[in-house]
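The values are calculated or read from the model by the stated rules, or taken from the named source; none is laboratory data. Just so we're clear, the structure is a prediction, and the values are computed from it rather than from any experiment. Glycine gets a Cβ as well: all are built from the backbone with ideal geometry, and neighbour counts include every protein chain shown.
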Amino acid sequence: MNKPISIFVCLILVFLVGCTSGEGKKTDEMPTVIYFGQGEEWFATYTISSVRESYFASLYIQYITDRTKTTVKQTADIGKIEYILKGKEWTLSSSEPQSLVGILNFHTATEINADQFDLDLADTVTLEVRWKDQVEKIDLKR
């Protein structure tokens, strides 16, 4: 093998071994955690699950519907929503107003690299839902 190819192969091996030899943060110690809360107009769940070296977080917000009205009319009455979810040392919020879908709900999910984020779970997180000229705050509890 000629010298440039040998050097190239050695560099590739060093790069591959260097990138794969370290162990990522294990998330197996944390089981799935579910927060739930209900207000006058909304209920919500916030779920955090650990899978390999990632945390998967899911927020579900549901309007508590009056089944005697039509969904189309209620959706128009409610309009788009904005949310702010606050934990101990973190905040998640909508970047713009969000439309409700299906049975007047909203869902969003994220993946978080466990190596980049220390997860400190409180017993309660607070969700604020804003729609039209209204605001509702809901404590979501584990």
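Test of understanding: among LEU104, LEU100, LEU127, which residue is of a type outside the set (Ser, Thr, Tyr) and within 15 Å of the chain's Cα centre (by Cα)?
None of the other options fit; the residue is LEU127.
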All conditions in (1) surrounded by 15 or more Cβ atoms within 10 Å (Cβ to Cβ); (2) among the hydroxyl-bearing types (Ser, Thr, Tyr); (3) at pLDDT below 95 are true of THR110 except (1)
Output for Cβ contacts, cut-off 8 Å, separation at least six or different chains, first residue at pLDDT below 60 in the stretch 20-42, second among the basic types (Lys, Arg), reads GLY24/ARG52; THR27/ARG52
Taking the stretch 122-141 and keeping only residues that are at pLDDT below 95 and surrounded by 13 or more Cβ atoms within 10 Å (Cβ to Cβ), one is left with ALA122
